[in-house]
Number of protein chains: 2
Amino acid sequence: MELYILWCLLCGFFRACIRMVCLSESQLLCGELEPSNREVGCESYVERTKHAMTLTDVARAAGVSPSTVSRILSGTARVTPETRQRVMVEIKRLNYQPNVLAQGLKRGHSRTVGVLTQELNSPFFNETVQGIEYGFEDSGYDPIFSGGHSRKSEERRALDVLRSRRVDALIVVGSFLPDALLLELAKETILVMVGRRVSGLEAQCVFLDNVQGGLDATTHLTTLGHRRIAFVTGNNNHPDSAERFQGYCTALSTAGIPFDPQLVVAGDFGEQSGLMAVDALLSQGVRFTALFAANDQMACGARLALYRRGIRVPDDISLIGFDDLKHVLYAIPPLTTVRQPMLEMGQCAARLALNLLEGKSPPEHTFSPTLVVRESTAMAR
Amino acid sequence: MELYILWCLLCGFFRACIRMVCLSESQLLCGELEPSNREVGCESYVERTKHAMTLTDVARAAGVSPSTVSRILSGTARVTPETRQRVMVEIKRLNYQPNVLAQGLKRGHSRTVGVLTQELNSPFFNETVQGIEYGFEDSGYDPIFSGGHSRKSEERRALDVLRSRRVDALIVVGSFLPDALLLELAKETILVMVGRRVSGLEAQCVFLDNVQGGLDATTHLTTLGHRRIAFVTGNNNHPDSAERFQGYCTALSTAGIPFDPQLVVAGDFGEQSGLMAVDALLSQGVRFTALFAANDQMACGARLALYRRGIRVPDDISLIGFDDLKHVLYAIPPLTTVRQPMLEMGQCAARLALNLLEGKSPPEHTFSPTLVVRESTAMAR
DNA sequence: CTGAAAGCGCTTACAG
DNA sequence: CTGAAAGCGCTTACAG
């Protein structure tokens, strides 16, 4: 028993020290903490992680009941200023952090929203993910991420991980899960989707007007006088690609340019496919003075293929992408593209989820693309 | 009461439907579920999220005690095959997912490791983060991410978020938190760092031999006959930059080239700073035939500055970066660089944390850089 | 204004 | 082989 008390005191002292570090790093640097360091330095890892301060510890230290501490923390209930003061001091001193696992268990919600990410390492999705993080800042909710690595089976697993953590809502970024599953999911949980539109769930989808984007890109080219405009598609049947292609077709017909199937070649949204698309076009002897790739990554691949053959951009061929990835501002030459506000879309998804959770009306959630003219497009010769 | 039973039955049926979806999506598409859809379609969101199956539900359904179900799930304890069978069937039927909040509360650990990320949207850190995800696959632990957005105050907050979720271990990616804080942190929790070396905690740091990398890059250049080699540094005093610079100096002296301070200019790891560095060099009339940027992003910026002035790469000036970001393979020309295996380093960090959690000996965790020669470097004229 | 008690969904000695 | 009971750390009616 005495040992336990001694242990508690030690921990208290130790935690107080950490707090000091936060307040003033300089104190630390002059070695004031050395003695305590040594005392605690020899525990095993397991012991270290075991003891965290609880509500009861705080209550005992402040001489009140756990109920009171809980109420003070939640802001509910009226206490005498002195009591509140006393409790707050102990909370600080013990460096108490509520156990959200216990809170969640009791309250029946976890104050957590699960984010099902496609590929945590794609320049495209990462901005969205970052936007989601921003969107939840100071909302009282924390996002937790679980990745599908672009494989459907993994996505199911990731979904279970999130579900077992009792997330209060779910944000799906892209994803290859079938619409049908998402429709069912939407019935048992609050669901928001980014970069994907599921029919029947439009109100919970944050998406871009891709048709307009495709239209803008192509019109930019036709306006510059181009009439032979190649198009590199994204993944087979991917709606983003299909919609951008639709915009491409519309713009052509508006400009009175007949559609030529020879000019459209299949890609898969990856750089390499853009490169191969250009190679295919060129080796087949297809003539074109401009190329519109369904995303920036393919545009970059196309650019390299052109470079390898000594074809100048934009002098010989104009190039336009889609997305406006951060680094294409530094492409050679800086890439003309259609900006998709991924960060804002992520933020919007977070807000949408928040509003749904709190029963408020959802914010506007369809986004418009913006043409960003840089240096990879020029007048047709 | 009757209502409650009805409700349960409905839920059961509904959940069974979801399971069917997983087994066969085609059934869904032909609209078999329509009736049930409508019945459940009008609940409010709050009601939807409230009811999740519990151990007790399963136990009741299978006609056993919760203890038994728990033991079956954990694999502990011997039951008759029939009982086990009966329970498993109910688990599947009810689509039961254990509540990890409750498990964590009871067991005293959360089977979760917190990852403090710098900037969730940096091509550099994202690969590491992805590696961490991979490293935890099938380990029984899940990583949860919380971001610091490169601001120290935010990092403290993110740390608290992780702490309140009772993570069993912590992985810090980069981070601007002071060494002193990390040293204290390491005493109260299992701590692993990636892309950062804190002295006194080397055993828990996964890092690259940056000096060697700087040496390799510079030697590559001197071997090609370059003698006027510019160097663009990273953030002020950032150890990665300092170490790469050290390698640069060593390589120069080995090659018998005197160090010229005029050739080193300060950057901050961002593209724009690489661009400005070249501008500064050129406008000051400093002569150089090769440039080594402390990371790829700055090399890309430098490349653009050169392009703007009509200076060819590698014909006029050779360029070498550091990191081997995915997209520099598609730079114009493809960038010669020093590869830092970020994905592998992330994976290693996860394994290190896992081993520490389980008291096993840590894996090897210092990585070697690899020179990747592409097309941005050539013989000096 | 404040405390004792019950309970969230689990797990795990302790009985039988 | 299986169940009843206690308890993890909270919150919240319910008393006083």
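Values in this text are rule-based calculations from the coordinates and carry no lab data. As the structure is a prediction and not an experimental result, all values here were calculated from the model. We place every Cβ from the backbone using ideal geometry, glycine too, and count neighbours over all the protein chains shown.
Rounded to the nearest 20 Debye, what is the dipole magnitude of the range A:66-121 about its Cα centre when Lys and Arg each give +1 and Asp and Glu each give -1 at the C-beta?
Values: 9 positive and 3 negative charges, 64 e Å.
Dipole magnitude for the range A:66-121 comes out near 300 debye.
Once the C-beta distance of residue B:266 and residue B:344 is scaled by a Förster radius of 41 Å, the resulting FRET efficiency is 0.85 to the nearest 0.05. For the peptides B:356-366, B:281-291, A:126-136, A:200-210, the ranking by packing is A:126-136, A:200-210, B:281-291, B:356-366, with the highest mean count of neighbouring Cβ atoms within 10 Å listed first. Check cross-link reach from residue A:106 to the aspartates and glutamates: straight Cα distance under 17 Å, and skip same-chain residues fewer than eight apart. Straight-distance partners of residue A:106: A:168, B:47. Ordering B:333, B:218, B:247 by Cα displacement along the dipole of the range B:210-341 toward the positive end leaves B:333 in first place; charges were set at the Cβ atoms of Lys, Arg (+1) and Asp, Glu (-1).
When you look at the Cβ of every residue in A:160-171, what mean number of other chain Cβ atoms sits within 10 Å? Don't skip to the answer; put the middle values down first.
Details: counts 2, 4, 2, 5, 9, 10, 7, 1, 3, 2, 0, 0.
Taking the mean over all residues of the peptide, I get 4.
Oblate is the label for the range A:228-308, because the ratio a/c of its alpha-carbon gyration tensor axes (a ≥ b ≥ c) is 1.5 or higher and a/b is not greater than b/c.
From the alpha carbon centroid of the range B:271-343 to that of the range B:78-133 is 44 Å. Placing a pseudo-label 7 Å from each Cα along the Cα-to-Cβ vector at residue B:209 and residue A:67 gives an inter-label distance of 6.6 nm.
Sum up the charges of everything whose Cβ sits under 9 Å from the Cβ of residue B:123, counting Lys and Arg as +1 and Asp and Glu as -1, but leave residue B:123 out. Can you show the working numbers first?
Numbers: positive: A:326, B:326; negative: B:127, B:296, B:323.
Surrounding charge for residue B:123 is -1.
What fraction of the Cα pairs in the range A:141-252, stated in percent, has a spacing above 21 angstrom? Mind showing how you got there, number by number?
Numbers: 2943 of 6216 pairs.
Everything past 21 Å amounts to 47 percent.
As a calculated quantity, the FRET efficiency between residue A:223 and residue A:280 at R0 = 25 Å, using C-beta atoms, amounts to about 0.40.
Using DSSP, restrict attention to beta bridges with both residues in the range A:285-381 and report what percent are antiparallel, rounded to the nearest 5.
Values: 3 of 8 bridges.
The antiparallel fraction comes to roughly 40 percent.
Of the peptides A:186-197, B:368-379, the ranking by mean beta-carbon count within 10 Å, highest at the top, reads A:186-197, B:368-379. Between residue A:56 and residue A:138, the contour length at 0.36 nm per residue exceeds the Cα-Cα span by 26.8 nm. Multiplying each eigenvalue of the alpha-carbon gyration tensor of the range B:215-261 by 5 and taking the square root yields semi-axes of 19, 10, 9 Å, largest first, rounded to whole angstroms. As a calculated quantity, the FRET efficiency between residue B:180 and residue B:315 at R0 = 35 Å, using C-beta atoms, amounts to about 0.10.
Let me know the mean shielding of B:95-101 by other chains, meaning the per-residue number of their Cβ atoms within 10 Å of its Cβ. Please list the in-between numbers first.
On the way: counts 3, 1, 7, 1, 8, 8, 13.
That works out to 6 on average.
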